[in-house]
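*Asks:* Have a look at this one.
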Amino acid sequence: MRQNLVAGNWKMNLTYQEGLALVEEIVRLNAAGTGPEVVVCPPFPFLAGVGEKLPQGGKLHLGAQNCHQKESGAFTGEVAAKMLASVGCEYVILGHSERRQYFGETDELLSQKLKAALAAGLKPIFCVGESLDTREADETFDFIGQQLAAGLFHLSNEEFAQVTVAYEPIWAIGTGRTATSAQAQEVHAFIREQIARAYDAQAALDTTILYGGSANAQNARELFSQPDVDGGLIGGASLKAADFTTIIQSF
């Protein structure tokens, strides 16, 4: 059975001290340990310190925002998947729209990163999503289908079982615009259908699919009520402990 999950992507925000204070407050507000699985994804320099603040064996997990496709080597400034695992990371975000847009990450590159992450024992959160131009041209499904096929569906059944998919409409990230719950459900259902075709019906049923387009404390409950929306990849709202907790408790 797929699990409900909320992941907080801090992006390039906060100082180390602010990050520690934030995670301490998140832990305090969610001390009951009920509800969905929760992943916090701070910047690389914060990972070890933030991880030490998370209770072991509970529903709060550590994740990273990216990794390199190689195991090691002369890649100054990059971080390998096994390095992330060594400081306690369980998850890693791959293919975020900002990585695709600003750093030119391609489906081919992301397929390599997926393999590297899985080899290190990490659980990838693999992102797909369309621009406003693509949506207005009525090409959303073709575009997302291609992202899935080229970047993700090369994995074996066993490898794919470790993956969480995140749908992030690029036109709704940081713009204040949010896909309606019906729009989100439509794309999530399409993604699940594509998984069933690439693997099988059980794999589709078991895959967690997150919504990642400006979900916040006000709209999370409605979004999460949709049958194929299993949680959220949260950006700005994950930087406020109270808002993030409201989202977590929206199930």
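*Asks:* Expressed as a whole number of Å, what is the distance separating the alpha-carbon centroids of the stretch 176-251 and the stretch 10-63?
*Replies:* So the two Cα centres are separated by 20 Å.
*Asks:* Once you put a point 7 Å from the Cα of residue 15 and another 7 Å from the Cα of residue 203, both along the Cβ direction, what distance in nm separates them?
*Replies:* Inter-label distance under the simple model: 4.8 nm.
*Asks:* In the stretch 1-147, what is the volume of the convex hull around the alpha carbon atoms, normalised per residue and reported in Å³?
*Replies:* Dividing the Cα hull volume of the stretch 1-147 by its residues yields 143 Å³.
*Asks:* Can you pull the percent of Cα pairs in the stretch 112-235 with separation above 16 Å?
*Replies:* Roughly 59 percent, once rounded to a whole number.
*Asks:* If the reach is capped at under 19 angstrom between alpha carbons, list the aspartates and glutamates near residue 53, excluding any in the same chain fewer than eight residues apart.
*Replies:* In chain and number order, the partners are 18, 24, 25, 37, 90.
*Asks:* With the chain treated as a Gaussian network of Cα nodes joined by springs under 10 Å, which of 64, 182, 137 yields the largest mean-square fluctuation?
*Replies:* Its mean-square fluctuation being the largest, the pick is 137.
*Asks:* Still on this structure, I have one more. Over all directions, average the projected area of the Cα convex hull of the stretch 1-82 and note it in nm².
*Replies:* 6.5 nm²
*Asks:* In square nanometres, what is the average projected area of the Cα convex hull of the chain?
*Replies:* 12.3 nm²
*Asks:* So, one more: In terms of Cα to Cα distance under 25 Å, which lysines are near enough to residue 70, apart from those fewer than 8 places away along the same chain?
*Replies:* List returned: 11, 82, 113, 115, 123.
Computed from the coordinates by the stated procedures, all read-outs in this text should not be read as laboratory data. Remember, it's a predicted structure, so these values are computed and weren't measured experimentally. Don't worry about glycine lacking a Cβ; one is built from the backbone with ideal geometry, like all the others, and counts go over all protein chains shown.
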